[in-house]
């Protein structure tokens, strides 16, 4: 933060240089493979960058290890389904009330058991009472919940079979996604923070698996593995068909030397891109402002020396909970954005390597604690991940070319797709070892 | 009679599978707990170490089978196991030399080591996939059953079936031998004692002239052995799939923490607590209930939780332990 540069400081040109290299890579992709693919990588890269910003808040600013980004991402992705899809006719009347009552019963049972635990004197009676409350609560819950679910899933099972959404604009679902993720994060953080540092990692790993399991299995909620398709796009983004049908569009596209279909897909991607850039800039602005404030200085003080911060009267667990919830909210936002970009919710596509651990690689490679670093890391690592999937088999083909055909050669070429895993692991280890501050170190 | 039928059904569907699964979890949790007590971090790469070790064992098994070597009624994989352990141990020692040693030298924070183990996890995962691919592989051979449903029926004349698969018996026996050997090693040998001393108080151990590098090396070798055995047993009992091994780290961590991380006895008890809760809560109790309460004709499966939520069981137990007794049942370490 000092105005004069220290000898070890990175050059001020470092960030522009790296972003220029990144732009060049995307440009090359556009010129060689096509703009559709280049913009596709860029859009998904920016969403990854938002996830990385969330993880960076937790890991970079507070040193909290979140091994469950996938879960918060998936939960955020539920928001577009519940907010912006049209409601399934008759579903709420059939089972909506039943499900709501079941949840109310479950909440009452949980609250009651917590109150009993706190109020009753210590002893066997307390344990028995709490167990009894929980057991009765569970069976009442199942008795209300199961018939409601059956009723909802019976409605038009081939196309719906779920509750559907509220039919509100998709942009509203983005902050709702953030809220959903924040709620889950609060529950996890409340129990796992303040204990040993890696308990949080293990607890988040668990909640992530559970959230994805819920999304896969609860058909009344999001059709489970049957997927929800046709999630409406957020406000300014047009549909390709509408664009092509617009009078004068084809002529304009031709004037640019583009096929109208291609022009429409490119325009849609550009609209998403603009939207994502606005969100990223807002997020970076907000977190830079927050980190410059007394609150941000306190967070850095806690990260750099917990004991001395505690001695100054800072409540470390509360601050950690706060930043953990904030970071998870950002991941939830990214989840909602990703689902609106894809236009569909496919719960079986959530894979921890891709959506949890790859994000950690992005943050570490970009530079822990540096917001621009997370953006750079997000896009760059996503680019490498996608391209390594293509390059792996090509390189392997070239290497294995002179060898005779046979089991070994086929095996090696088939395994080449896993090279990107190896690449990411080695990248993470090398950066952690030789350049722990990442490509764009924190100022 | 009905009560006995209920007991047989319970043994067949809950007790036997949960015991085998519990033994596998216990071995896995022992590996995690050893790393934790000596190197002081939670090793996220443990599941992939298990997968790597198992992949090596499978390759050697195939090699042996191709040479015509089998183990009679027992799975050939048991012959391949020691070789698999040796390869995995070399791999672990290499990883320690190249990756982890540096962080010990600079005395990095535990959470940095956890991040490093994520990097190792990626690499191990990729190596396993290179070696053996991502498909489901069944490598159990030899006799399939010790007691098949038919022999059971002939033995007892009962209509309720009971089966005991060879792999289940092998799992329990191998796990018992492994645990006994491990406890003998930790309790009786000089190296084992120095490991426990190192775990209890690093500075004091260093002052007494214990060579930390040696302790760390032995720890990695033991971990490699535990991981390979656990992985192979799990693969024999169910089947091998790289991704399942990645997912199994959650119940393994839960077992270690429930028992008290850093405490070997706790790891074993934790493994069985997790496995019995998981199997018990996801088992459809209809049959047992039908025997016990003949008048009651339940319309559902009387299943408390769908099997898809088995991870939720480990998670909920984990959360309960974190809330009520963060040190675990057997008072593990809390740093």
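State yes or no: is residue B:121 at pLDDT 90 or above, within 19 Å of the chain's Cα centre (by Cα) and within 9 Å of chain A (Cβ to nearest Cβ)? Working first, answer last.
Working: at pLDDT 90 or above: yes; within 19 Å of the chain's Cα centre (by Cα): yes; within 9 Å of chain A (Cβ to nearest Cβ): yes.
Criteria met by residue B:121.
Let's see how each residue does on (1) surrounded by fewer than 17 Cβ atoms within 10 Å (Cβ to Cβ); (2) closer than 30 Å to residue A:220 by Cβ; (3) more than 14 Å from every other protein chain (Cβ to nearest Cβ); (4) in contact with a strand residue (DSSP E or B) (Cβ under 6 Å, 6 or more places away or on another chain):
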residue: A:292; (1), (2), (3), (4): yes, no, yes, no
residue: A:296; (1), (2), (3), (4): yes, no, yes, no
residue: A:305; (1), (2), (3), (4): yes, no, no, no
residue: A:313; (1), (2), (3), (4): yes, no, yes, no
residue: A:326; (1), (2), (3), (4): no, no, yes, no
residue: A:333; (1), (2), (3), (4): no, yes, yes, no
residue: A:342; (1), (2), (3), (4): yes, yes, yes, no
residue: A:345; (1), (2), (3), (4): no, yes, yes, yes
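Pairs meeting the criteria (first residue in the stretch B:308-319 and at the interface with chain A (Cβ under 7 Å from one of its Cβ atoms), second residue modelled with pLDDT under 85 and not in a helix (DSSP H, G or I), beta carbons under 8 Å, at least 6 apart or on different chains) are B:312/B:305. Checked against the criterion of being out of contact with any helix residue (DSSP H, G or I) (no Cβ under 6 Å at 6 or more places or on another chain) and more than 14 Å from chain A (Cβ to nearest Cβ), the candidates B:179, B:112, B:172 yield just one match: B:179.
The condition of being in a helix (DSSP H, G or I) and either at the interface with chain A (Cβ under 9 Å from one of its Cβ atoms) or crowded, with 19+ Cβ neighbours inside 10 Å (or both) holds for only one of B:86, B:80, that being B:80. Is it true that some residue in the stretch A:350-369 is more than 30 Å from residue B:125 (Cβ to Cβ), out of contact with any strand residue (DSSP E or B) (no Cβ under 7 Å at 6 or more places or on another chain) and at pLDDT 90 or above? So far as the stretch A:350-369 goes, no, none of its residues is more than 30 Å from residue B:125 (Cβ to Cβ), out of contact with any strand residue (DSSP E or B) (no Cβ under 7 Å at 6 or more places or on another chain) and at pLDDT 90 or above.
Pull up the stretch A:419-433, narrow it to residues that are surrounded by fewer than 19 Cβ atoms within 10 Å (Cβ to Cβ) and at the interface with another protein chain (Cβ under 7 Å from one of its Cβ atoms), then point me to the one that is farthest from residue A:389 (Cα to Cα). Filtering first and then ranking leaves A:433.
Is at least one residue of the stretch A:308-319 free of Cβ contacts under 8 Å to residues at least 24 places away in the same chain and under 21 Å from residue A:69 (Cα atoms)? Looking through the stretch A:308-319, at least one residue is free of Cβ contacts under 8 Å to residues at least 24 places away in the same chain and under 21 Å from residue A:69 (Cα atoms). Is at least one residue of the stretch B:220-232 closer than 19 Å to residue B:84 by Cβ and part of a loop (DSSP other than H, G, I, E, B)? Within the stretch B:220-232, none of the residues are closer than 19 Å to residue B:84 by Cβ and part of a loop (DSSP other than H, G, I, E, B). The helices (runs of 4 or more DSSP H) found wholly in the stretch B:242-302 and carrying at least 3 residues that are closer than 27 Å to residue B:41 by Cα occupy B:242-247, B:249-259, B:264-282.
Yes/no matrix, rows are residues, columns are (1) within 33 Å of the chain's Cα centre (by Cα); (2) on the phi < 0 side of the Ramachandran plot; (3) not assigned by TED's automatic domain parsing to the domain that holds residue A:329:
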| residue | (1), (2), (3) |
| --- | --- |
| A:64 | yes, yes, no |
| A:83 | yes, yes, no |
| A:102 | yes, yes, yes |
| A:112 | no, yes, yes |
| A:115 | no, yes, yes |
| A:120 | no, yes, yes |
| A:130 | no, yes, yes |
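If you go through the stretch A:149-176 and keep only what is within 14 Å of another protein chain (Cβ to nearest Cβ) and either buried (at least 24 other Cβ atoms within 10 Å of the Cβ) or farther than 19 Å from residue A:214 by Cα (or both), you end up with nothing.
Considering (1) touching a helix residue (DSSP H, G or I) at 6+ places or on another chain (Cβ under 9 Å); (2) within 30 Å of residue A:324 (Cα to Cα); (3) part of a helix (DSSP H, G or I), the lone condition that residue A:149 does not fulfil carries the number (2). What's the number of the only condition in (1) within 29 Å of residue B:171 (Cβ to Cβ); (2) within 13 Å of another protein chain (Cβ to nearest Cβ); (3) at pLDDT below 90; (4) part of a helix (DSSP H, G or I) that residue B:135 fails to meet? Residue B:135 satisfies every listed condition except (4). Note on the stretch B:150-168: residues that are farther than 20 Å from residue B:82 by Cβ and either in a helix (DSSP H, G or I) or at pLDDT 95 or above (or both) amount to 8.
Filter the stretch A:177-202 down to residues that are touching a residue at least 40 places away in the same chain (Cβ under 8 Å) and facing chain B (nearest Cβ under 7 Å), then give me how many there are.
Narrowing the stretch A:177-202 to residues touching a residue at least 40 places away in the same chain (Cβ under 8 Å): A:177-182, A:184-186, A:188-190, A:193-194, A:197-198, A:200-202.
Among the residues that remain, those that are also facing chain B (nearest Cβ under 7 Å) are: A:197-198, A:201-202.
Result for the stretch A:177-202: 4.
The values are calculated or read from the model by the stated rules, or taken from the named source; none is laboratory data. Worth saying up front: this structure is predicted, and the values here are computed from it rather than measured. Neighbour counts run over all protein chains shown; Cβ positions are idealised from the backbone, glycine included.
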